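Notes for the one structure printed next.
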Amino acid sequence: MGFKTLAALATLWVSSAIQAQPLTLLEAMRRAETASPNVLARQTQLAAVEGLQRQAARPLFGNPELTVEGARRRAAGVNGSATEYAVGLAQPLELGGQQARRREAAGAAVEALRAEIQDARRQARADAATRFHAIVAAERRVLLERRSTELFDSVSQAVERRRAAGEDTRLDANVAVVEAERSRNALAAAGEQLLDARSDLATLLQTSPAQLPEIVPESLESAVAEMDIGALDLSGLLQAVTDLPRLRALAAREAAARARLGVERANQIPGVTIGVSTGREGFRDGRERLTTLSVSVPLPLWNRNEAAIGQALTDVAQAELERQTGIRAAEANVRRLWLRLQSQRERVLRLQRSLLPASASNQQLAARSRQAGQIGLLDQVVVNRQALDAERELNEALSEAAATRIELENAAGRPIQGLAP
């Protein structure tokens with residue numbers, strides 16, 4: 001076997017090993033941030049705003065103008081002709097401090113875009129964490145429904161044997177068959193939900209569901225148990241809202257709009273154009289060298305830049321309104337999510353402390369009572385169904401609480417699942 005063949009096989013083995021490595025939550029968040037179209041789209045806009053910033057950093061806004069003139073003069077009564085030329089340089093100057101305002105506007109635009117990139121990254125991480133936990137919940141649901149199927153299949157087989165022995169009726173056998181088929185249908189539906197959840201995460205990571213590796217399951221119980229509502233102080237969360245990347249971007253957009261308004265107002269002040277030129281004129285016997293200094297000032301009689309100022313005022317008002325609206329919406333969202341997380345955590349604790357233990361105890365008691373002939377099959381089926389429903393409710397409550405926690409962390413600007421913002 002040649003070296004190239006060995007190298008190819010080694011490459012295939014390494015790639016398959018990489019694909020076989022399970023996907024952790026932090027790795028999923030990192031990959032989502034890297035592959036996010038929103039992040040990439042905003043990063044491509046950096047070249048434009050950074051170019052604007054470099055242009056505003058120049059000492060002057062307008063370029064100097066170089067003029068070269070040449071002429072041939074013929075005069076009556078004079079033999080021959082004279083060649084005259086002149087070279088001039090003119091520089092427009094702004095007197096209202098427009099260039100400093102442009103620097104402010106460009107710097108604010110860069111700051112706003114960088115904040116938007118950070119916000120897009122946070123959103124990508126939050127989406128990845130939410131979809132990752134959705135897969136965890138779907139896998140838990142599949143395991144639960146598989147256990148349900150095994151339980152009702154065993155009950156159905158036991159009832160069939162008892163019916164053959166004349167101990168159970170045909171009705172009991174039919175009830176057991178119905179419950180077994182219902183459990184198989186629930187298992188199939190849970191499998192479909194798992195496929196959808198994996199497809200959602202694969203789409204976010206810009207890969208196909210078939211290439212998405214198995215995930216490292218996170219414990220939803222521990223994640224919810226670690227939610228210290230007291231540590232998530234509502235007043236502290238509301239104070240941190242103003243430092244959200246999204247709101248910092250809106251504040252920077254407002255600052256840029258105000259700086260552009262300053263530019264347009266300063267444009268009302270007439271600028272000057274200073275020029276200097278030198279040249280030679282006249283015939284050979286009386287040739288003269290001329291140096292000319294010129295100053296030109298436009299008279300603001302008809303155009304006083306009112307339209308541009310009005311548009312800039314509109315932009316400032318719109319940016320200020322968007323920032324204030326964004327702050328109010330962010331604060332309301334944090335309050336809503338904080339209250340929802342409180343309710344969901346209490347619901348999870350109630351399910352874990354009372355409903356689930358009681359349902360499991362009832363299931364054991366029903367099995368012993370059924371064997372002792374104290375209850376019938378229908379009673380045992382009801383008890384088994386209640387126990388399974390309790391586990392389904394707990395799984396759903398855990399999934400909802402984990403999703404709300406991620407959403408609250410993102411809305412309040414806190415690290416998402418322990419990953420620094």
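The values are calculated or read from the model by the stated rules, or taken from the named source; none is laboratory data. This structure is a prediction, so every number in the text was calculated from the model and none was measured. Using ideal geometry, Cβ is built from the backbone for each residue, glycine included, and neighbour counts are taken over all protein chains shown.
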With respect to Leu365, is the statement that it is over 30 Å from Asp172 (Cα atoms) and at pLDDT 85 or above true?
no
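Can you confirm whether Glu145 is of a type in the set (Asp, Glu) and at pLDDT below 90? Full working, then the answer.
Working: of a type in the set (Asp, Glu): yes; at pLDDT below 90: no.
No.
Per-residue answers, yes or no, for (1) charged (D, E, K, R); (2) assigned to a loop (DSSP other than H, G, I, E, B); (3) free of Cβ contacts under 8 Å to residues at least 24 places away in the same chain:
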site: Ala251; (1), (2), (3): no, no, no
site: Glu254; (1), (2), (3): yes, no, no
site: Ala257; (1), (2), (3): no, no, no
site: Gly262; (1), (2), (3): no, no, no
site: Gly310; (1), (2), (3): no, no, yes
site: Ala317; (1), (2), (3): no, no, yes
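Output the number of residues of region 305-347 satisfying the condition of being among the polar types (S, T, N, Q) and within 30 Å of Leu394 (Cβ to Cβ). Step through it out loud before you land on a result.
From region 305-347, those among the polar types (S, T, N, Q) are 305, 311, 314, 318, 324-325, 333, 342-344; that's our starting set.
From what's left, within 30 Å of Leu394 (Cβ to Cβ): 333, 342-344.
Summing the residues that are among the polar types (S, T, N, Q) and within 30 Å of Leu394 (Cβ to Cβ) in region 305-347 gives 4.
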Any chance Ile135 is modelled with pLDDT of 95 or more, in the same structural domain as Ile406 (by TED's automatic domain parsing), out of contact with any His (no Cβ under 9 Å at 6 or more places or on another chain) and not polar (S, T, N, Q):
no
Output the qualifying pairs, or none if there are none: Cβ atoms under 9 angstrom, residues six or more apart or on different chains, first residue in region 128-146 and polar (S, T, N, Q), second residue in a helix (DSSP H, G or I) and surrounded by 21 or more Cβ atoms within 10 Å (Cβ to Cβ).
Thr130/Ala402; Thr130/Ile406
Is there any pair with a first residue in region 356-367 that is in the same structural domain as Glu391 (by TED's automatic domain parsing) and a second that is β-branched (Val, Ile, Thr) and buried (at least 16 other Cβ atoms within 10 Å of the Cβ) whose Cβ atoms are under 7 Å apart and which are 6 or more apart or on different chains, and what are they?
Asn362/Val383; Gln363/Val383; Ala366/Ile375; Ala366/Val383
Out of curiosity, is Ser343 among the hydroxyl-bearing types (Ser, Thr, Tyr) and modelled with pLDDT of 90 or more?
yes
Every pair of residues 6+ apart whose Cβ atoms lie under 9 Å, when the first sits in region 371-399 and is closer than 19 Å to Ala189 by Cβ while the second is aromatic (Phe, Trp, Tyr):
Asn384/Phe152
Restricting to region 32-61, what's the tally of residues that are surrounded by 13 or more Cβ atoms within 10 Å (Cβ to Cβ) and not in a helix (DSSP H, G or I)?
3
Of all the residues that make up region 146-172, how many are touching a Leu at 6+ places or on another chain (Cβ under 9 Å) and aliphatic (A, V, I, L, M)?
4
Can you tell me which of (1) surrounded by 14 or more Cβ atoms within 10 Å (Cβ to Cβ); (2) part of a helix (DSSP H, G or I); (3) basic (Lys, Arg) is the one Arg414 doesn't meet?
(2)
